[in-house]
Amino acid sequence: GKAERGPTAIEAIQKHKSAYLMAVGGAAYLVSKAIKTAKVVGFEDLGMEAIYEFDVVDMPVTVAVDAGGTSAHVTGPAEWSKRIASGEFKGIALETA
């Protein structure tokens with residue numbers, strides 16, 4: 001994925017029991033090497049925007065939205081806000097520019 005998904009996309013992911021994946025910037029090469037086979041399963045006329053089925057091994061990605069509709073873009077900031085507010089990181093010095 002390239003960005004977080006809005007409510008409509010998340011509802012579609014949940015409805016179709018799918019998942020939306022994300023990778024850190026610059027990981028495209030590693031992600032591509034993890035794809036062992038690819039098969040177009042829909043909208044072939046759209047080329048690269050078609051729907052593909054991939055066989056992957058050790059793909060370096062994180063689930064951004066799971067089949068239940070839980071988004072890491074929502075849960076992640078909520079969790080880190082809670083942890084920062086708790087004082088858990090008070091002993092860690094921050095570098096300033």
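For the chain, the longest principal axis of the C-alpha atoms and the axis of helix 72-85 are separated by about 10°. Using the Cβ of residue 69 as centre and a radius below 11 Å, the other residues enclosed give a net charge of +1, where K and R count +1 and D and E count -1. If only the Cβ of Lys and Arg carry +1 and only the Cβ of Asp and Glu carry -1, the dipole of region 7-85 around its Cα centre is close to 320 debye.
Each value in this text was obtained by applying a stated rule to the coordinates, not by laboratory testing. Just so we're clear, the structure is a prediction, and the values are computed from it rather than from any experiment. Note that we place each Cβ from the backbone using ideal geometry, even for glycine, and neighbour counts take in every protein chain shown.
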